[in-house]
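Input: a single structure, listed below in structure tokens.
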Amino acid sequence: MDVKIPLFDGELVCLAPIDPERDAEIESKWTHDAEYLRSLSLDPARPLSPAQVKKKYEALEKDVEEAKNQFYFAVRLRSDDRLVGFTRIYWIWWTHRSGLVSLGIGDPGDRKQGYGTEALGMLLGYAFDELNLYRLTAVVAEYNQAALRFFENAGFVQEVRRREAVNRDGRRWDLFHLGLLESEWKGNTR
Amino acid sequence: MEREYEMMKNIFQGKLVSLVAEDPQVVANAYAHWNRNAEFKRLLDADPAMLWSAKKIKEWLEKEIEDSEPKFFSFQIRDLQSGKMIGFTGLGDLEWNHGDGWVGIGIGESEYWGKGYGTEAMQLTLRYAFTELNLHRVTLGVFDYNPRAIRSYEKVGFKLEGRLRGEMSRQGKRHDILIMGILRSEWEIG
């Protein structure tokens, strides 16, 4: 057991706690970017005020505490602690050791810098080495080719294609479930 | 000129079964009884089998009824010949903006297995999904060790859309959850 192996510190970014006072304004801006919202969720996209974001954070921490099947991290730059995104493991089935993953980098200018890749790497390490999960699932819509590539590059395999499960912009899209087993992740990272 | 419309009157009734709203006490007693059948629970549910009291189950059912915006459209299944409640079916996790929902069914009385009761109840549920809830598609999950259910769903028109590999661990072995889907256009042909 090497207690020195970092869980939350990368070279570019850290996994960090939410700071509701500082983060709400930044996240509120992200929610006014429909492309960002629609890349992450099937829920109807709707912008949120900082006050609404703060309420969301409260509900989130309450759920993490009570349901005990979710782990949520803010993603911050190591250089200046600036919030650039979030990542989480949720809907964990403890008896089956499976869960879902989600990740977002809010500002388009912060994408393609390696922040998401590094944050996902730390999240997977947390899921497999700290939570001892057996597998993870990522759910991605067909129109989000960047996310499909992102998860496939991390070793996720396309498992399910829910045909025409998404209706946006007047047309229908498929919804993919991608899966990564701990054994596959171990094989990739050793 | 006035026109008369012939509406389908019997959307809740088939030849073998009808979809009904049973008294919560009757339902709670049935659920508490069926929960004690390990075979039934293993086939139905990924959660660990639990033996809740009928009193507790009745409280949940009554709370569900109170919800002004129902999250689930659930029915009990009644055998037309005997009047006996034999199971339940329902639609939930509805994504109204996308027109997708999940269906779940269980036949608690095991002497009704393999005789077409579940298949007919599923057909009634799909008709409700497509002509009353106006969904575009319906999704379900089924365990790889439940071939009888898989055959029933295929008969009704569901197509295999993929497998979540090793999503469940039972009796020391990993099992897949099959995801199946049916589009409205496929249901209309069948």
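The values are calculated or read from the model by the stated rules, or taken from the named source; none is laboratory data. Model, not experiment: these values are computed from the prediction. Note: ideal-geometry Cβ built from the backbone for every residue, glycine included; neighbour counts use all protein chains shown. Surface accessibility is based on the protein's heavy atoms, side chains included, excluding ligands, DNA and RNA. Shrake-Rupley method; radii C 1.70, N 1.55, O 1.52, S 1.80 Å.
Laid out as a table, the results:
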{"item": "Selection within region B:138-156 - open to solvent by 20 Å² or more (accessible area, probe 1.4 Å) and not in a helix (DSSP H, G or I)", "result": "B:GLY141, B:ASP144, B:TYR145"}
{"item": "Residue match in region B:50-66 (condition: basic (Lys, Arg) and in a loop (DSSP other than H, G, I, E, B))", "result": "no"}
{"item": "Close pairs from region A:63-77: first touching a residue at least 12 places away in the same chain (Cβ under 8 Å), partner in a strand (DSSP E or B) and open to solvent by 40 Å² or more (accessible area, probe 1.4 Å), Cβ under 8 Å, at least 6 apart", "result": "A:ASN69/A:TRP91; A:ASN69/A:TRP93; A:GLN70/A:ARG88; A:GLN70/A:TRP91; A:PHE71/A:ARG88; A:TYR72/A:ARG88; A:PHE73/A:ARG88"}
{"item": "In region B:159-174, residue nearest to B:ALA49 (Cα to Cα) [restricted to those that are more than 9 Å from chain A (Cβ to nearest Cβ) and not small (Gly, Ala, Ser)]", "result": "B:GLN171"}
{"item": "Unmet criterion (only one of (1) within 11 Å of another protein chain (Cβ to nearest Cβ); (2) more than 13 Å from the chain's Cα centre (by Cα)) for A:ASN132", "result": "(1)"}
{"item": "Pair list, Cβ < 9 Å and 6+ apart or interchain, from region B:100-113 residues that are farther than 18 Å from B:ILE150 by Cβ and assigned to a strand (DSSP E or B) to residues that are polar (S, T, N, Q) and open to solvent by 30 Å² or more (accessible area, probe 1.4 Å)", "result": "B:ASP100/A:ASN167"}
{"item": "Options A:SER49, A:SER79, A:SER98; residue that is exposed (fewer than 14 other Cβ atoms within 10 Å of the Cβ) and more than 18 Å from A:ILE18 (Cβ to Cβ)", "result": "A:SER79"}
{"item": "Selection from region A:15-46 of residues that are closer than 23 Å to A:ASN167 by Cβ, surrounded by 15 or more Cβ atoms within 10 Å (Cβ to Cβ) and not hydrophobic (A, V, I, L, M, F, W, C)", "result": "A:THR31, A:ASP33, A:TYR36, A:ARG38, A:SER39"}
{"item": "Selection status of A:SER79, of a type in the set (Ser, Thr, Tyr) and more than 22 Å from A:THR137 (Cα to Cα)", "result": "yes"}
{"item": "Filtered residues of region B:81-103 (kept if farther than 20 Å from B:ASN29 by Cα and not acidic (Asp, Glu))", "result": "B:GLN81, B:LEU91, B:GLY92, B:LEU94, B:TRP96, B:ASN97, B:HIS98, B:GLY99, B:GLY101, B:TRP102, B:VAL103"}
{"item": "Failed condition for A:VAL75, given (1) under 25 Å from A:MET122 (Cα atoms); (2) out of contact with any Ser or Thr (no Cβ under 9 Å at 6 or more places or on another chain)", "result": "(2)"}
{"item": "Only one of A:GLU152, A:GLU130 that is more than 21 Å from B:LEU164 (Cα to Cα), touching a residue at least 12 places away in the same chain (Cβ under 8 Å) and open to solvent by 70 Å² or more (accessible area, probe 1.4 Å)", "result": "A:GLU130"}
{"item": "Total residues in region A:1-50, condition closer than 24 Å to A:THR137 by Cα, part of a loop (DSSP other than H, G, I, E, B) and acidic (Asp, Glu)", "result": "1"}
{"item": "Looking only at region B:157-175, and only at residues there that are surrounded by fewer than 18 Cβ atoms within 10 Å (Cβ to Cβ) and touching a residue at least 24 places away in the same chain (Cβ under 8 Å), the one that is farthest from the chain's Cα centre (by Cα)", "result": "B:ARG170"}
{"item": "Considering residues of region A:159-175 that are farther than 16 Å from A:ALA45 by Cα, of a type in the set (A, V, I, L, M, F, W, C) and open to solvent by less than 20 Å² (accessible area, probe 1.4 Å) only, the residue farthest from the other protein chains (Cβ to nearest Cβ)", "result": "A:LEU175"}
{"item": "Residue selected from region B:113-137 under the condition surrounded by fewer than 22 Cβ atoms within 10 Å (Cβ to Cβ) and within 14 Å of another protein chain (Cβ to nearest Cβ), by the criterion nearest to the chain's Cα centre (by Cα)", "result": "B:PHE130"}
